[in-house]
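Undergrad: I have a structure I would like to understand better, so I am pasting it below and will then ask my questions one at a time.
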Amino acid sequence: MRRTTLFGMALAIGAAFAPAQAQRAITADTPPAGRFDAASVPPAPDYDGPANWASLPWIRDDGDTTPQGVEEPPQLRAPVDVFFIHSPVALRRAVWNADTRDVWFNGDVGQTTIRNQASAFNGCCAIYAPRYRQMNPAGDDPAALELAYSDVARAFAAFRTRVGDRPFILAGHGEGARIAQLLIERAIDGQPVAGRMVAAYLVGTPVTRDWLTARRGIAACSSASDFGCVVSWVSRTEDSRRLRYRPPILCSNPISWTTGPEPAPRSAHRGAWMRNGAEFPEALRPPDAGLVTARCDRDGVLRVSDPGGAYAALAGPDGSFAALDIPLFWMDLRQNAVDRVAAFLAARR
């Protein structure tokens, strides 16, 4: 099947004229104005066609990106699918929820969360990533989050209709991971579809042990080859202040894939990788292997050693590595998804 590009021309023109300004706009927060008003939300996206998907296996898009020296597998022949719920990107307008018709919003999603996060799954799976009316990350309102969830729930239903009984990975980061939790609660846990879920990667949001205990058939993954389970981590610098999560949260070490306090050494780190989108065209780079150590502290926070260089510059002022939860472990996640898929498929033979 021929692969085409969505939004490619518009994004290329914008980046060619002002790449640096575009990159600053991606990271600038514009808080919502006033209270959430259901009457003023943008129209709901339609998931029947390709326009409201940020990544699809038969479309040439940012989900196909790989580092220099890493072959791009043919997604159309992948035995498993991934349903990826993208991280929130900063909105350029003072609104509560994004408009999926906004080409700049769609471009920001592609250049950041699809390119640097969803792409880690293209080694195992065919990627489906819906556009949705994400909540503004500079605000927090349950109604705005529910609006975002309503889109993802409809997209997931359309995804399941298309792929049928094929196995799938559920993945999300930040707000996307929060929405994935709701999807597990309301549409997966205890349902027949749970038997086809290879794993859920809920990264960059606290997943409490109490939440896991309340699930009927889904527990925490405790090894690199467990399946039908949840993986989660929230990463911070090694020397940042302690965060006391109560109740404790799940910490899956993305180097060793265990949940204990034992540190994973640099020698086991397969590699960090990301593209920053500030150059056009941007040359591909190889992964940065052996860059960091990682350990789970007693409260469930993933403590990561100083990665140095451009990676260290993206740490938040409080020591948060939220922007790097996945990029710091891009190659580790890529290999782990391949391994879990292999274990799942072997068990079904």
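The values are calculated or read from the model by the stated rules, or taken from the named source; none is laboratory data. In this text the structure is predicted, and so the values were computed from the model without any measurement. Glycine gets a Cβ as well: all are built from the backbone with ideal geometry, and neighbour counts include every protein chain shown. Heavy atoms of the whole protein, side chains included, go into the accessibility calculation; ligands, DNA and RNA do not. Shrake-Rupley method; radii C 1.70, N 1.55, O 1.52, S 1.80 Å.
Undergrad: Can you run the Rg to Rh ratio on segment 105-264? Use alpha carbon positions and the Kirkwood inverse-distance Rh. Don't jump to the answer; show the numbers that get you there.
TA: Working: Rg = 15.8 Å, Rh = 16.7 Å.
Answer for segment 105-264: 0.94.
Undergrad: Would you mind working out the magnitude of the charge dipole of the chain relative to its Cα centre, with +1 at each Lys and Arg C-beta and -1 at each Asp and Glu C-beta, to the nearest 20 Debye?
TA: Numbers: 38 positive and 36 negative charges, 126 e Å.
The dipole magnitude comes to about 600 debye.
Undergrad: Would you be so kind as to identify which of 156, 310, 30 lies farthest towards the positive end of the dipole of the chain, taking Lys and Arg as +1 and Asp and Glu as -1 on Cβ and the Cα centre as origin?
TA: So the residue we want is 156.
Undergrad: If you build the Cα gyration tensor of segment 293-336 and take the root of 5 times each eigenvalue, what three semi-axes come out, in whole angstrom, biggest first?
TA: Working through the eigenvalues yields semi-axes of 16, 15, 9 Å.
Undergrad: Moving on to the next point. Rounding to the nearest 20 debye, state how big the charge dipole of segment 31-136 is about its Cα centre with +1 on each Lys and Arg Cβ and -1 on each Asp and Glu Cβ. Spell out each step's value before the answer.
TA: Numbers: 9 positive and 12 negative charges, 64 e Å.
In debye, rounded to 20, segment 31-136 gives about 300.
Undergrad: Give or take rounding to whole Å, what are the principal axis extents of the alpha carbon atoms in segment 221-349, in descending order?
TA: Projected onto its principal axes, the Cα set of segment 221-349 covers 46, 40, 23 Å.
Undergrad: Just order 38-46, 314-322, 245-253 by mean Cβ neighbour count inside 10 Å, highest at the front, would you? If you can, show how the numbers build up before the last one.
TA: Details: 38-46: 12.1, 314-322: 16.4, 245-253: 19.9.
Output ranking for 38-46, 314-322, 245-253: 245-253, 314-322, 38-46.
Undergrad: Now a separate question. What's the magnitude of the charge dipole for segment 161-208 around its Cα centre, counting Lys and Arg as +1 and Asp and Glu as -1 at the beta-carbon? Answer in Debye, nearest 20.
TA: Values: 5 positive and 4 negative charges, 29 e Å.
Result for segment 161-208 is approximately 140 debye, rounded to the nearest 20.
Undergrad: Over the Cα atoms, compute the radius of gyration (one decimal) and Dmax (the largest Cα-Cα distance, rounded to a whole number) for segment 196-263, in Å.
TA: Just the Cα atoms of segment 196-263 yield Rg and Dmax of 12.2, 40 Å.
Undergrad: Counting only complete DSSP H runs, which helices of the chain cover 20 Å or more along their long axis at the Cα atoms and score a mean Kyte-Doolittle of 1.6 or above?
TA: Working: long enough: 142-163 (31 Å, 0.42); 330-348 (27 Å, 0.07).
Membrane-span-like by this rule: not one helix.
Undergrad: Further question on the same structure: For the chain, with every protein chain kept in place, what is the accessible area per residue (1.4 Å probe, Å²)?
TA: On the way: 14540 Å² over 349 residues.
It amounts to 42 Å² per residue over the chain.
Undergrad: Tell me, rounded to the nearest percent, the portion of alpha carbon pairs in the chain spaced more than 38 Å apart. Let's see the in-between values first.
TA: On the way: 5564 of 60726 pairs.
Result for the distance tail: 9 percent.
Undergrad: Considering only protein heavy atoms and a 1.4 Å probe, what is the carbon-and-sulfur percentage of the accessible area of the chain? Spell out each step's value before the answer.
TA: Numbers: 7920 of 14540 Å².
Carbon plus sulfur share of accessible area: 54 percent.
Undergrad: Quick one: the Cα spread of segment 134-193 along its three principal axes, in angstroms, biggest first?
TA: That gives 38, 20, 18 Å along the principal axes, largest extent first.
Undergrad: Sticking with this one: Given bins 5 angstrom wide, list per bin the percent of all Cα-Cα distances in segment 57-130, short to long.
TA: Binned Cα distances yield the sequence 3, 16, 26, 22, 15, 10, 6, 2, 0.
Undergrad: Can you work out the base-10 log of I(q)/I(0) for segment 67-106 at q = 0.29 1/Å, using the Debye formula on its C-alpha atoms alone?
TA: With no solvent term, the Cα-only Debye profile gives -1.04.
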